[in-house]
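**Student:** Quick one: the structure is below, and I'll ask about it shortly.
The values are calculated or read from the model by the stated rules, or taken from the named source; none is laboratory data. Just so it is clear, the model here is predicted, and its values are computed rather than measured. Reconstructed Cβ throughout: ideal geometry from the backbone, glycine too, with neighbour counts over all protein chains shown. Heads up: the accessible areas ignore ligands, DNA and RNA and are worked out on the full protein's heavy atoms, side chains in. Shrake-Rupley method; radii C 1.70, N 1.55, O 1.52, S 1.80 Å.
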Amino acid sequence: MSLLAIDVGSSRCKAALFSSSGEMLGMRSAVFVPDFPRPGYAELNANNFLTVVMALARQLTALPQTEPVQAVCLSSHGETLIPATADGQALGPAILNMDGRATREASWIEEQTGRRQLFMLTGHTSHPMYTTPKLLWLRQNDREVFNGAGRFLNVTSFLLMQLGLPPLVDYSHAARFMALDVRRLAWSAEILNIVEISPDALPIPVQAGTLAGMLDSTAAAMLGVAVGTPVVVGGHDQVIGAIGLGVIAKGRAAGSLGTYECITVASDELLLNDAALQASLNCYPHAVPGQYVTIAYFPGGIMMQWLEEILYGAKRETEQDDHLFADLELGAPAGPTELVITPHLIGTCNPEFDSQARGAITGLSFDTTRAHLYKGIQEGIASELSILTRCLEDAGCSFGDVNVFGGGVRSPLGMLLRASLTKKRLHIMSCQEAVCLGGAMLASVAVGTYSDLGEAARAMVREQDCVHPDLLLAAQYRSQVERYRQLRSMLVHPYHQKHQHRGEQA
């Protein structure tokens, strides 16, 4: 028997089949093309999510010698809002997580609750990407859709309803609404009263791994699986990816090294404290029962995309990109480049969330080459990652190891710099489709193959390599990292610097 796991991103969907031992039997992916009808807007026809999921699932189940699917698990990105009728039919486009139209609404919610109270309730500081500010925007700006909606769904609860199942949402996904009381694991009456939303209009919060139901004949045909196949509730892609990397208990962290670099630290308690608030960390339930995560992130890989386009023009195929960057790694100078490059092309994330900050390069000379620029960007990404790990540690996160996946693992130079400047061991896992593997692990427990996620991790997660910190190299970079911090602080908008100093009083 096999396990079918779906990972719905905002721009790409992946589906993979796994054996109960963690072997990936097949994988398919497809790209979504969002609409950007106005500056700051990002939308997608909500039915495209279902269309792509159906297509990828049927492609996989049609593969020759494919074992019957024992269970299906659905996970996705967070924050996207889908207004729908009471029976789950989309009333308008999905307002995507990257959509920034609800800036005023996010600020208003924070003013009404107070920054500290909002964080202590929801584990989040206010931001327009979250679902609740989008809901408030919809109520104030599109009354026809808002009044006609019987439900306000995220991606996975929308897909469940399309499959004839109840609109369940796991706690990690619900937290990304910015309306879940993360201590009580229920919708916050205080937040919902402020935005005038009934909890009955929202998905039903449950533990990740909950059995949503069995597929009837119509839904089974949609996915190409047998009638009666169980569907398991997945969760927010970052925490499901952490499961797929084996990060299921305190003391270890997951690292997603892609367009954004995200560190997800597991813990056995919610770290809702002043240091976490000051750094605007995200603290909310893990997909592992009784566990929690604290998350920090920044746009890192986007800087490598910028360099590629500057040096080589239009975006190339992945294999060719790797070859080009491999040549730059071979030509990279020994030791620090003395370039200081901040990767904030679209602003900073933790700790300031300053959308006005921009990237900068200092230290250029006539001797600067393409290879210098490449290594300088890797140095900047590693320096920024060291700031994130410090923020997490100051908030009480304890971890010495980070299990990593994503495009960043393909750079030995970048991995060594990250390990050395953060002083963390970086474990490269064999399966780089961590979100899909995490979903398969949840499904394996739900159907009784394994007793819990610990047993599933021991059977299904395998390590490929480990990059250890080079403390001598870290010492060589001490002055350059300090210059990085100084330049970074100059580029943060004065309002955000003031906001940071105010901390819990904000």
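**Student:** Just the number, please: Stokes-Einstein D of the stretch 131-206 in µm²/s, Kirkwood Rh from C-alpha pairs, 25 °C, 0.890 mPa s.
**Tutor:** Once the numbers are plugged in, D ends up at 194 µm²/s.
**Student:** Moving to a separate point now. Tell me, what is the 1.4 Å probe accessible area of ASP452, in Å² to the nearest 10?
**Tutor:** My reading of the accessible area for ASP452 is about 70 Å².
**Student:** Counting only protein heavy atoms, what percent of the accessible surface of the chain is carbon or sulfur at a 1.4 Å probe?
**Tutor:** Using a 1.4 Å probe with all protein chains present, the chain comes out at 51 percent carbon and sulfur.
**Student:** What is the diffusion coefficient of the stretch 259-319 in µm²/s, taking the Kirkwood radius over Cα pairs and the Stokes-Einstein relation at 25 °C with a viscosity of 0.890 mPa s?
**Tutor:** Approximately 176 µm²/s, per Stokes-Einstein.
**Student:** Can you give the calculated 222 nm mean residue ellipticity of the chain, where each DSSP H run of n ≥ 4 adds -39,500 (n - 2.57) and the sum is split over every residue, rounded to the nearest 500 deg cm²/dmol?
**Tutor:** Calculated mean residue ellipticity at 222 nm is -12000 deg cm²/dmol.
**Student:** Calculate the dipole size of the chain relative to its Cα centre from +1 charges on Lys and Arg beta carbons and -1 charges on Asp and Glu beta carbons; express the result in debye to the nearest 20.
**Tutor:** That gives the chain a dipole magnitude of about 480 debye.
**Student:** Under the rule a/c < 1.5 gives rounded, and otherwise a/b versus b/c splits prolate from oblate, where does the stretch 358-413 land using the Cα gyration tensor?
**Tutor:** Oblate.
**Student:** Which whole-number percent of Cα pairs in the stretch 302-449 have a distance greater than 21 Å?
**Tutor:** 54 percent
**Student:** Are there any trypsin sites (Lys or Arg not before Pro) in the stretch 138-206 that are in a DSSP loop and have at most 14 other Cβ atoms within 10 Å? List them by number.
**Tutor:** Passing sites in the stretch 138-206 are ARG183, ARG184.
**Student:** Give me the number: length gained by fully extending ASP142 to ASN193, i.e. 0.36 nm times residue separation minus the C-alpha to C-alpha distance, one decimal in nm.
**Tutor:** My answer for the length gained is 16.4 nm.
**Student:** Using alpha carbons only, how many angstrom separate the centre of the stretch 189-254 from the centre of the stretch 2-71?
**Tutor:** Using only Cα atoms, the two centres lie 15 Å from each other.
**Student:** For the chain, take the longest principal axis of its alpha carbons; what is the angle in degrees between that and the long axis of helix 478-491, to the nearest 10 within 0 to 90?
**Tutor:** It is inclined by approximately 60 degrees.
**Student:** Projected onto the charge dipole of the chain (+1 at Lys/Arg Cβ, -1 at Asp/Glu Cβ, origin at the Cα centre), which of MET303, THR348, ALA201 gives the Cα projection farthest towards the positive end?
**Tutor:** Working it through, the farthest residue towards the positive pole turns out to be THR348.
**Student:** Here's something else I'd like to know. Hull surface divided by four, with the convex hull built on the Cα atoms of the stretch 398-501: how many nm²?
**Tutor:** Averaged projected area of the stretch 398-501's Cα convex hull equals 9.7 nm².
**Student:** Taking Cα atoms, how many degrees apart are the long axis of helix 412-422 and the longest axis of the chain, rounded to 10 and kept between 0 and 90?
**Tutor:** Approximately 90 degrees, to the nearest ten.
**Student:** Also: At 25 °C and 0.890 mPa s, what whole-number value in µm²/s does Stokes-Einstein give for the translational diffusion of the stretch 21-66, with Rh from the Kirkwood sum over Cα pairs?
**Tutor:** Translational diffusion coefficient: 190 µm²/s.
**Student:** Still on this model: Please report, in debye to the nearest 20, how large the charge dipole of the stretch 424-498 is about its Cα centre when each Lys and Arg carries +1 at its beta carbon and each Asp and Glu carries -1 there.
**Tutor:** 580 debye
**Student:** Which loop-located GluC sites (Glu not before Pro) does the stretch 123-231 contain, where loop means any DSSP state but H, G, I, E or B and the Cβ has at most 15 other Cβ atoms within 10 Å?
**Tutor:** Loop-located and lightly packed - GLU196.
**Student:** Which of SER188, ASN47, ALA395 sits closest to the plus end of the dipole of the chain, meaning its Cα is farthest towards the positive end, when Lys and Arg get +1 and Asp and Glu get -1 on the C-beta?
**Tutor:** Result: ALA395, furthest along the dipole toward the positive end.
**Student:** For the stretch 18-97, which GluC sites (Glu not before Pro) are both in a DSSP coil and crowded by at most 15 other Cβ atoms within 10 Å?
**Tutor:** GLU23
**Student:** If you don't mind, another one. Compute the helix-to-body angle for 47-61: its Cα long axis versus the longest principal axis of the chain, expressed 0 to 90° and rounded to tens.
**Tutor:** The two axes meet at around 90 degrees.
**Student:** What accessible area per residue comes out for the chain, rounded to a whole number of Å², with a 1.4 Å probe?
**Tutor:** That works out to 39 Å² per residue.
**Student:** With only Lys, Arg, Asp and Glu charged, each at its Cβ (+1 for the first two, -1 for the last two), find how big the charge dipole of the stretch 150-200 is about the Cα centre; round to the nearest 20 debye.
**Tutor:** Roughly 120 debye for the stretch 150-200.
**Student:** Looking at the square roots a ≥ b ≥ c of the eigenvalues of the Cα gyration tensor of the stretch 391-454, which shape do they give, rounded for a/c under 1.5, prolate if a/b is larger than b/c, or oblate?
**Tutor:** Oblate.
**Student:** OK, next. How would you classify the stretch 178-336 from its alpha-carbon gyration tensor, with a ≥ b ≥ c the square roots of the eigenvalues: rounded for a/c under 1.5, else prolate if a/b is greater than b/c, otherwise oblate?
**Tutor:** Oblate, since a/c reaches 1.5 and b/c is not below a/b.
**Student:** Enter the mean projected area of the convex hull around the alpha-carbon atoms of the chain, in nm², rounded to one decimal.
**Tutor:** Its Cα hull, projected and averaged over all orientations, spans 22.0 nm².
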